[in-house]
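Below: one structure, written as structure tokens.
The values are calculated or read from the model by the stated rules, or taken from the named source; none is laboratory data. In this text, all values refer to a predicted model and were calculated from it rather than measured experimentally. Glycine also receives a Cβ, built like all others from the backbone with ideal geometry; neighbour counts cover every protein chain displayed. With ligands, DNA and RNA removed, areas are computed over all heavy atoms of the protein, side chains included. Shrake-Rupley method; radii C 1.70, N 1.55, O 1.52, S 1.80 Å.
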Amino acid sequence: MAYTDAELADFIASVEQRGSYYITNEPKFVNFFDDVKKYLTGNLKNIPTTPANSYYGWYFSHLVEMLDIPSEWGAKNELVFNLLTQSGIWQDLSYTFWYWIERVGNEHPKEGVLGFLWTKLISSGLKEADLFKDFAYRSYYQLLNDKNKPTPQGEFILQKIAENEKMVIKAFCDYQYSVEYLVRLLIHNRPEVAENNAKEFFKVSYLNQGGVIDTFLTKDAKKYEKEAYVIISKKTDPKEKIDGFELLDKHFPKKYDEERLKILYEYLDWYTNEVNNSKSSYFYESYQNIYNKKGEYVDYMPMSAFIIDKLLETDFKNFKPYLDKFVVETSRFNEQIVKVVEKNLKQDSIPLLFTMLKADGKKNNRNFFKTAFEAIQKHDFTAFEDTLWELAKGKNKGVRELVAVTLSKQKDKAIPNAEKMLLEGKNADTRQSGALILSLIGNEKTKKILMKALNAEKSDDARDLMLTNLADKLYKKAGEKEVAEMVAFAKERGKLDKQAEKWIDETKLPALHFQSGKKLDLDTVRFLLYRMGRAKEMKSDIEAKVVLNLVDRSKSGTFAKEIFNLYLGNGADSKQKYCLALAGLLGDDDVVQTLRSTVQRWAENTLKWFQDNQGNWQQSGEGARLKMAEYAVGALALIGSNKALRAVEFFSRKYRSKNKNIGEAAKNALKTAAEELGISPYELADSIIPDFGFDGLFKSFDIKGAEYRAFIDNDFKLAYFDENNKKLKSPPKGTPEELKTEFKEIAKEVRDIVRSQSDRLEQYMVIGRRWTKENWERFFLGNPIMFVYAIKLIWGEFDKNGKLINAFYCSEDTTLLNLEDEEISIDEENMVGMLHPLHISEQERRQWKDKFYELGIEAIFDQMSRAVHLITDADKNLLINSNFSGRKVDARAAVGYFEKLGWQRGSVVDGGMVSAYRKSFEEAGVDAIIEVDGIFMGYYDYDDAHIGRLFFVKTGSVQFGSYTYDEPSDDKDKRLIPFKDVSDIIYSEIIGDLEKIAPKPEEEQKEQA
């Protein structure tokens, strides 16, 4: 019996998704894929074989999911199994296979899944010794559960040991990481086998706190002490040797102290030799796990810092002279060394810390120096001030900046030396340090010194530091005269001798004009470009801002567009992103559409470019420009028009999950714009919805003496009334072309706005946004677009305590009516917001649904029909909810659901695995986090993933990133919010999302029903 085409649909979709590149570019892959489909549907007799040297297994991972448990095994399974065991498939797919066996074996422990398939694998021609090796490599961690009882896989291995002990043990010993797990299985279940093979296990032991030797010593320390000591003492790797003696100290406290201390000193000697002889700026050092007295893991630190900390605590008298010599002779340190030295020595650490600061600047990173200066500032460093001033003149910019911060805290005492450095320094680095110290002190005396040096300073870096402190004083009331002086000084310093970029010819740029009408001369334009080139972020430079404030923005759009086009045409290098900023600062609405399409092109093409180049990631070319898309969003915000800000608001939601850095950039840009206007981001989002020059809900116009009114109908389309209130779908005959064009532009912009509003309003309902009566009436009853939303939603009037006073809808004549169609009026003191189903009873929800059905109103989103989930009394005191733990989901579908529902991916950890998803409610100060297992960054290694624990934390308190493990591990974490303190609506929405993403298994639903 073969598969039907319909039964293969999921398999085909999986291969097409995983192998999209090969399907497009490699005929051999396509031919093999076609043969597989024919074989599975019974249209090909012989088992397809993969082409030579091909590695197609991963692309066909879904085959594993098509297998059934032994009691349901049939002919179709045989077809799949025959494919799986082909060499070109098996070698890439065995990991997925063993993972499937673990999961299915645990779900069906009585089925004997592993034993059944093991026999079939051997029958297919695979050697049992190779299977043991593969199992030991892939599935060693599957042998015991958390109670040290054997899993079904563990039971199978115990059975195989009884049959062929030597083969099993050799397979595990060949892969040292797996030995520990086998030993644990045997110690708890077959101790005589563990004891008989102890010598063999000890030979390959990988030393760590939970390793083989530790397991044996825990079982019988006295019995295995001698053998453990011999093996440990013969270790040559410094890290392994130290780990070994730490183990001995754990089981035999102080007995091996003399040797243990000797090894610790030897490691530090080794460390000094290694870092001194290394020419690289990167040095890898092993890390040591730190455990508390209960044996629980609490932290980790580099081995060198761990040893210094330990020796300062346990061998201070002998170690302190050694440490003095160590810091002199060693050329590289890590920040943890600084911390343990300061922690143990307090004030006495100062001489050592200053010695460390003299270490090789090329080998030590900024974090080391930053940590050192933070440690120094905790204590009195007066005796070493001369050393600090010398460091302030050094070549390492990062160190100079840290020294400047430290010295500036001395206030007036530091001014004479800093002044001398600024005015008499022979190199730019020294003058820059002097300028930074004076700028950080920032009093009237330092400002006079900075002013004296400003226009003579040729170093832009030093001069920019001065400007940061002097800008308000210099340019607060600057006009064209002051601009001319700035340009003249820049010319004297030689800053205008050449074009800002080879591809920018100022003589060919469109003209810029001052607000006075005067044209900017070429030197002033070049000055503007030169100073904007100094801007490190998407904003104006200090001196460029003076010019920009005087430019006539109504005439600058063509200049901005030309700069932007030149920038795009010459590679759009991130080093020249000031051109993007300038396009924003001088651009108009004509530039908005170009910038908007550029953001989308850079964002959307990145994944395609990455796939087309087979993962060869480079930040170049049109395809890999995510960061540039962020900059372009910033440029849009700088334009500042309503059209530009609407585009930014659109990107803040479009990229809230996928390409979320762009979304964050957009959100931050809106926050900045709102702060400039003194309003909230929500009020800003309201204010940028245009009214198109309508008088209320209509725009009147006259055609040949007849009056017409344009309006936006209930389908968000532009329509027209004649004098008899007859509705027209298009402008009346005789409408001037200019007016037709205006209507077309309005219709186009309405479509653009509507694309974003439904999601935004639904979010407002969830977070409980409220408007004052005045603001609500102006925004929803007075705006031609938002009025359509007003009549398609159910509203609530709330008092100052948030209590619902009235539920109502808005009729097409703007009358506000309750459920009984009685007119209501809103109290001036009350607020208006969208009604959430949790605000009213279940009966009222049904009545409101019936009301909208009778009126023929089509809701813009699921308002009254959405599921509600009330927190149970049993769950109110929970900090972590495990109700969803273990629920199985399709990985691809889950990712799509998460993104669609506004969840953001959490940290990407080992193997590219995504640790969790989160949904933020900043307004409420809450982040919801759901753990996941089996979802991978950029691809889906298994078709099934699993949902984990749910918890709520304070917004932003949990950090996410690459290899960032910051999620709460247990309910003792102070960042966790009790479920009872989460708003009922947010709780309901989160549970509703998760029930969509990971619904209960059908069996469980039937039981509960």
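Counting only protein heavy atoms and using a 1.4 Å probe, what share of the accessible area of the chain belongs to carbon plus sulfur, as a whole percent?
Values: 23470 of 49760 Å².
The value for the chain is 47 percent carbon and sulfur by accessible area.
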Q | Value of Rg/Rh across region 496-573 [Cα atoms, Kirkwood radius] | A | 0.93
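Please work out the Kirkwood hydrodynamic radius for region 1-120, using every pair of different C-alpha atoms, and report it in angstroms with one decimal place.
Values: mean 1/r = 0.0674 Å⁻¹.
For region 1-120, the Kirkwood estimate is 14.8 Å.
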**Q.** Ratio Rg/Rh, restricted to the chain and using Cα atoms, in which Rh is the Kirkwood radius
**A.** 1.01
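For K518 and V230 in one chain, what is 0.36 nm times their gap in residues minus the Cα-Cα distance, to one decimal in nm?
Values: separation 288, 0.36 × 288 = 103.68 nm, distance 8.97 nm.
Computed gain between K518 and V230 is 94.7 nm.
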Q | Chain lengthening between K222 and F316 when straightened (0.36 nm per residue, less Cα-Cα) | A | 30.7 nm
Q. Once all Cα-Cα distances of region 389-440 are split into 10 Å bins that start at 0, what whole-number percent is in each one?
A. 32, 62, 6
Q. Within the set K397/K477; K370/K409; K717/K851; K235/K310, which residue pairs have Cα atoms separated by over 27 Å?
A. K397/K477
**Q.** Calculated diffusion of region 310-395, Stokes-Einstein form, Kirkwood radius summed over Cα pairs, 4 °C and 1.567 mPa s, µm²/s
**A.** 98
Q. Quick one: if you stick a label point 7 Å off each Cα along the C-beta vector at T964 and Y282, how many nm between them?
A. 2.2
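Given C-alpha coordinates of region 698-855, what is the ratio Rg to Rh with the Kirkwood estimate of Rh?
Working: Rg = 18.1 Å, Rh = 17.4 Å.
Rounded to two decimals, Rg over Rh is 1.04.
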Q) At what distance in nm do the modelled label points of T41 and T955 sit from each other, each positioned 7 Å from its Cα along Cα→Cβ? A) 5.3
Q) Rule-of-thumb check for region 276-465: C-alpha Rg over 2.2 N^0.38 Å? A) 1.19
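Averaged per residue, what accessible area in Å² does the chain show with a 1.4 Å probe, protein chains only? It would help to have the intermediate numbers written out before the result.
Values: 49760 Å² over 1009 residues.
Heavy-atom accessible area per residue stands at 49 Å².
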(Q) For Cα pairs less than 8 Å apart in space and 6+ apart in sequence, what is the mean separation divided by the residue count of the chain, i.e. the relative contact order in percent? (A) 4
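From the protein chains alone at 1.4 Å, what is the descending order of accessible area for H869, H108, largest first?
Result, largest first: H108, H869.
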(Q) Given a 1.4 Å probe and heavy atoms of the protein chains only, how would you sort E192, E419, E225, largest accessible area at the top? (A) E192, E419, E225
Q) Using a Förster distance of 30 Å, how high is the FRET efficiency between Y853 and K900, based on the Cβ-Cβ distance and rounded to 0.05? A) 0.65
**Q.** Calculated SAXS-style log₁₀ I(q)/I(0) at q = 0.18 Å⁻¹ - region 880-1008, Debye, Cα scatterers
**A.** -0.99
Q. What is the projected area of the convex hull of the Cα atoms of region 734-826, averaged over all directions, in nm²?
A. 7.7
Q | Lysine pair count for region 41-196 [Cα-Cα under 21 Å; pairs on different chains or 8 or more apart] | A | 17
Q: Give the span of region 82-123's Cα atoms along each principal axis, as three whole-Å numbers ordered largest to smallest.
A: 31, 20, 11
